[in-house]
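Here the structure comes first, spelled out in structure tokens, and everything after it is commentary.
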Amino acid sequence: MKIGITCYPTYGGSGVVATELGLELAQRGHEIHFISYAQPIRLTELNPNIHYHEVDVSRYPLFDYPPYDLALATRMAEVSELYGLDLLHVHYAIPHSVSALLARQMLAARPRGQKLPFVTTLHGTDITLVGLDRSYLPITRFSIEESNGVTAISQYLRDRTLKEFDVKNNIQVIYNFVNCDMYGGKQNSPERLEYAPNGERILVHLSNFRPVKRVTDTIEIFDRVRKKVPSRLLLIGDGPDRSRAEWLAVQKGIHNDVLFLGKQDNIHDKLALADVLLLPSELESFGLAALEGMASEVVPIATRVGGVPEVIDHGKSGFLAEVGDVEAMAGYAINLLSSQEQLQSMGKAARQVAQTRFCTSKIIPQYEEFYRRVLERSS
Ligand code: GMT
């Protein structure tokens, strides 16, 4: 199939999922065309089946808000016509789904009347936050209803979309996935010594440092853990709450053991160094970071929110606590990090879950099958 993929190219789970999906599909012989305003951060691999089309948003003094969604729709239609795309797959409803709808209409109105069905994948805040804003809700609902196929990355997100948007579509749950060959089990990498020179335990947090991630809770948890277990905290990513977290670490006098690594390309290498992953978010529709940790035998300690319980089985493949309960999360980490045996067996159980339920080999065929059904219905 020839598939156009649109996503936010910056640091964020939906862009990561979209890019990894494109890479996996390209490896399976599909022709993939990424259409976005910048090259997706994880699109580093060269592959003859992968094309990238940049959307140029022209600026004009009259435009206080340059109309990206219109430029995107135009590029989607143009690329689809030039390369004969079979369908578009947009990740994150706002505004991508609306642009895809416009592109479909533009092509249908041409003399040759090219069909361009589109699939929308809902990722989380497009529904739970942004989509519920009154200024976006009606158009988001409309573009979801107009989609030729809709998927959600967890049962939680599907149910919430049906309830709060009252859409009539069938929404299929296709879980996020991880490449279990790339994210591997533990090795005693010499790099670990660079971060933990005295054999300390390593905790890790990976996010876009937005308020919903509660990054300062990771500092609070780590502060408690560090008092009981010699350890260090690696923070991967960047975003609005980074300086608050840095300040808190300084105020607590633990900043020498809290390492802010910023945005990283090879997440799998860094995750493989850690023992425990902290994900104390206010809300996660899935929690991709937890899954990437699990595939790397890193035990996740997360909040019992949204779709996270669909990924982490409390007490078996990780631990869950209530939002803000830093005492409980620290307690789980201290117990786990104090027992090498439990740490190892739980790390292996976590990887086992990633392998059996969320591996690319399981999930990518579900997308292929979904596309086939959309194409059949639209032909
Ligand atoms: O809202 C965000 O955190 C951004 C969003 C994204 O586009 O990166 O994340 C959502 O999609 C991820 C990938 O499917 C999920 O793993 C995250 O749980 C989800 N975030 C939220 O629901 C808050």
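The values are calculated or read from the model by the stated rules, or taken from the named source; none is laboratory data. Please read all numbers here as calculations on a predicted model, not as lab measurements. As a convention, Cβ positions derive from the backbone with ideal geometry for all residues, glycine included, and neighbour counts pool all protein chains shown. Note: areas computed on protein heavy atoms with side chains; ligands, DNA, RNA excluded. Shrake-Rupley method; radii C 1.70, N 1.55, O 1.52, S 1.80 Å.
The table below lists the values:
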quantity	calculated
Span-like helix ranges in the chain, DSSP H, alpha carbon extent 30 angstrom or more, Kyte mean at least 0.5	none
Within straight-line cross-link reach of Lys362, aspartates and glutamates at Cα separation under 15 Å, skipping those fewer than 8 residues along the same chain	Glu20, Glu24, Asp181
Pairs from Lys115/Lys163; Lys213/Lys263; Lys2/Lys115; Lys213/Lys316; Lys228/Lys263 whose Cα-Cα separation, in the structure shown, is over 19 Å	Lys115/Lys163; Lys213/Lys316; Lys228/Lys263
Charge dipole magnitude, Cβ of K and R +1, D and E -1 - the chain, Cα centre, debye nearest 20	360
Total charge dipole magnitude, segment 236-323, about the Cα centre, Cβ charges on Lys, Arg, Asp, Glu only, Debye to nearest 20	200
Segment 190-357 - charge dipole about Cα centre, Lys and Arg +1 at Cβ, Asp and Glu -1, debye rounded to 20	140
Accessible surface, per residue, of segment 252-302 when the full set of protein chains is kept, probe 1.4 Å, Å²	26
Percent accessible area from carbon and sulfur atoms, the chain, protein chains only, probe 1.4 Å	49
Eligible lysines near Lys227 by straight Cα distance, threshold 21 Å, same-chain separation 8 or greater	Lys252
Fraction of beta bridges assigned by DSSP in the chain that are antiparallel (%, nearest 5)	0
Average Cα contact separation per residue, the chain, under 8 Å, 6 or more apart, as relative contact order %	14
